[in-house]
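This report concerns only the one structure given below.
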Amino acid sequence: MTTAAPPINNTQFSVNVTTKSQEQSLYQSSGAIVAAIVVGVIIIFTVVLLILKTYNRHMRVKRELEPKTAKPAMPPALGQNSNSLSQHPTVTFIPVDIHMQNR
């Protein structure tokens, strides 16, 4: 009598290999997607940074090249005679020594 080995064991092994390879390919593809997203975000931040640096440089050059204008004339305050000179209040800052000891 000859008995043949049941093929069920081989089929189960091939299904396990197929499932493992599908899971492995899913992990690899999801890792590739995450890496692509990270690279995309880095590229977007780099482009935004370059645009802001260019804009800042442009505005700084524009400010430096503008002619300096004299102080704009202050309109006379209400209730004062327009012929009299207006006096602007001045604030004087007197630094206080913090470490001064009380006697």
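The values are calculated or read from the model by the stated rules, or taken from the named source; none is laboratory data. From a predicted model like this one, the values you see are computed outputs, not experimental measurements. Cβ placement follows ideal geometry from the backbone for every residue including glycine, while neighbour counts extend to all protein chains displayed. The accessibility values were calculated without ligands, DNA or RNA, using every heavy atom of the protein model including side chains. Shrake-Rupley method; radii C 1.70, N 1.55, O 1.52, S 1.80 Å.
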Approximate spin-label separation Leu26-Arg60, in nm, with each point projected 7 Å along Cα-to-Cβ: 5.3 nm
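Could you put Thr92, Thr54 in order of accessible surface area, largest first, with the 1.4 Å probe and the full protein assembly present?
Numbers: Thr92 110, Thr54 85 Å².
Heavy-atom accessible area, descending, gives Thr92, Thr54.
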For Val47 and Thr90 in one chain, what is 0.36 nm times their gap in residues minus the Cα-Cα distance, to one decimal in nm? 10.8 nm
In the neighbourhood of Arg60 defined by beta carbon distances under 13 Å, the net charge of the other residues (Lys, Arg +1; Asp, Glu -1) is +2
Ordering Thr69, Thr46 by the accessible surface of their heavy atoms, 1.4 Å probe, largest first, yields Thr69, Thr46
Testing the spin-label approximation: label points 7 Å from Cα along Cα→Cβ at Lys68 and Ala35. State their distance in nm. 5.7 nm
